[in-house]
Amino acid sequence: MNDYPLSMILGVVEGLTEFLPVSSTAHLRVAEALMNMSLSSGYWKMYTIVIQLGAIAVLPIYFRARILKFLSTFPQGERGDRTLLTHPLSLTAIAFVVTAIPSYLLVKMIGAHLESLTIIGASLLIGGIVMWVIDAMNAKAEKAGPGAAGGRIHTWHMEDMSLAQAVWIGACQILSAVFPGTSRSMSTIGAGQLAGMSRASALEFSFFLSIPTMVVATGYEFLKSVMGKTENPIGVVVMDAHEWVVLAIGFVVSFVVAYGSVAWFMAYVRRRGFAPFAVYRIIVGIAVLVWASRIGQ
């Protein structure tokens, strides 16, 4: 396939799946296998990092008003009932730290063999079942809305989160670092719902938490590869005009598609929940497991 349409396809895949609870890692790995190409060479490894940065760039722009409001009300919060440890920005930083250190240690210890299609398929399948169960548990309370007696949900807005909820979500996010296919957004959204958060508040916190998590994780992978500490390091990549255009196409497509994906996802989840994404994960997970068994991966 020509590099230009290939770059557009990969940009669409990254942009669509980075923030949806379906795992961008799994979809890029499957796309790589389906198109019989390798994304592990120096140039293509850099390409995947760059298109991921294109998706990441969406969040500070999309949530700029919320970010500015949080910054202007730090640390007491908009209602004056927050502290240095319970302000949304502090809780985001705490959840990130809870994730970062164990993830770094575990990934180094377990190694890259977890990139296998079998593990990715199993993670998609199991994660889909877990997501479906959790969303069904909260469906009645979501329909009743705030103020309903006896509901499982007690945190309807990100501003009302507790320190314990942030620590719990950060701990659950480790699963996505260790098991490709789990999905960072699935693990954080599901963890938030289990901790008594509404779909909307869990989703918003998941987006905010993804900013430091993805920036640091992507930056670390880039630095490690440039320094030659990976199997196929980027090193000093000298690119010609054609490769620069391919890279630019992937970045722009990833950004545009990710922006639309975030806007649509925020509106959709408030109305219908996560069940369709759970079903999709289950179907794709089974398909990947069957395929992996046939090709021996």
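The values are calculated or read from the model by the stated rules, or taken from the named source; none is laboratory data. In this text, all values refer to a predicted model and were calculated from it rather than measured experimentally. Positions of Cβ are backbone-derived with ideal geometry, glycine not excepted, and every protein chain shown enters the neighbour counts. Protein only, heavy atoms only, side chains kept; ligands, DNA and RNA dropped before computing areas. Shrake-Rupley method; radii C 1.70, N 1.55, O 1.52, S 1.80 Å.
Return the equivalent ellipsoid semi-axes of the chain as a descending list in whole Å, where each equals the square root of 5 times an eigenvalue of the C-alpha gyration tensor.
After scaling each eigenvalue by five and taking roots: 32, 22, 18 Å.
Given Cα pairs under 8 Å that are at least 6 residues apart, what percent is the relative contact order of the range 140-226?
Relative contact order, the range 140-226: 29 percent.
When only the heavy atoms of the protein chains count and the probe is 1.4 Å, how do HIS27, HIS154, HIS242 rank by accessible area, highest first?
Accessible-area ranking of HIS27, HIS154, HIS242, largest first: HIS154, HIS242, HIS27.
How much solvent-accessible surface does VAL290 expose, in Å² to the nearest 10, with a 1.4 Å probe and all protein chains in place?
70
Counting only pairs 8 or more places apart or on different chains, how many lysine pairs in the chain have C-alpha atoms closer than 23 Å?
Taking the Cα cut-off of 23 Å, the pair count is 5.
Accessible area of ASP81, 1.4 Å probe, to the nearest 10 Å²?
Accessible area of ASP81: about 80 Å².
For the chain, what is the accessible area per residue in Å², given a 1.4 Å probe and the full set of protein chains?
Accessible area per residue, the chain: 46 Å².
If each of TRP264 and LYS69 carries a label point 7 Å out from its Cα toward its Cβ, how far apart are those two points in nm?
The two pseudo-label positions are separated by 2.6 nm.
Determine the share of the range 129-209's accessible area contributed by carbon and sulfur atoms, expressed in whole percent, with a 1.4 angstrom probe.
69
Give, as ranges by residue number, the residues of the range 123-140 whose backbone N falls under 19 Å from the point 7 Å along Cα→Cβ of ILE286.
123-134
Taking N as the number of residues in the range 6-73, what is its alpha-carbon radius of gyration divided by 2.2 N^0.38 Å?
So the Cα radius of gyration is 1.36 times the expected 2.2 N^0.38 Å.
Along the range 268-282, what does the Karplus equation 6.51 cos²θ - 1.76 cosθ + 1.60 (θ = phi - 60°) give for ³J(HN,Hα), rounded to whole Hz, x for Gly and Pro?
5, 4, 4, 8, 10, x, 9, 4, x, 6, 5, 4, 4, 4, 5
Compute, for GLU221, the solvent-accessible surface of its heavy atoms (probe 1.4 Å) with the complete set of protein chains present, and express it in square angstrom to the nearest 10.
GLU221 has an accessible surface of roughly 80 Å² with all protein chains in place.
For Cα pairs less than 8 Å apart in space and 6+ apart in sequence, what is the mean separation divided by the residue count of the chain, i.e. the relative contact order in percent?
Once normalised by length, the contact order is 36 percent.
Can you list, largest first and rounded to whole Å, the semi-axes you get for the range 142-192 by taking the square root of 5 times each eigenvalue of its Cα gyration tensor?
Each semi-axis is √(5λ); the values are 25, 13, 8 Å.
Using a Förster distance of 35 Å, how high is the FRET efficiency between MET37 and ARG272, based on the Cβ-Cβ distance and rounded to 0.05?
0.50
Would you calculate the convex hull of the Cα atoms in the range 61-208 and tell me its volume per residue in Å³?
Each residue corresponds to 118 Å³ of Cα convex hull volume.
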